[in-house]
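One structure is given below, encoded as C-alpha cells.
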Amino acid sequence: MSIREVVEKIKTMADEMRAELGDSLKGIEGTERREPGKVK
C-alpha cells in the first residue's frame, strides 16, 4: 500500500466520521448526535 493510498483511506474514514459525529469547522451537522441526557 502506497502512502497516497493510506492518505486517501484516512481521508475517507475521516469523512465518514464527520458525517456521523458532525464537524463545526466545516459546518456539518452529525447524523448520530442527540440531546444530552438529564438527571432529575
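Data for the structure
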item	result
On Cα atoms only, tilt of 3-21 relative to the major axis of the chain in degrees	10
MRE, 222 nm, helices only [DSSP H, n ≥ 4, -39500 (n - 2.57), over the chain, to nearest 500]	-16000 deg cm²/dmol
Footprinting exposure proxy for ILE10, ILE28, ILE3 (fewest neighbouring C-beta atoms within 10 Å first)	ILE3, ILE10, ILE28
Cα-based reach from LYS26 at 26 Å (exclusive), listing lysines while leaving out same-chain residues under 8 positions away	LYS9, LYS11
Efficiency of FRET between ARG4 and THR31 - r from beta-carbon atoms, R0 35 angstrom, step 0.05	0.75
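Values quoted throughout were computed directly from the atomic coordinates according to the rules given, and no laboratory measurement underlies them. From a predicted model like this one, the values you see are computed outputs, not experimental measurements. Quick reminder, even Gly has a Cβ in these numbers, built from the backbone with ideal geometry, and neighbours come from all protein chains shown.
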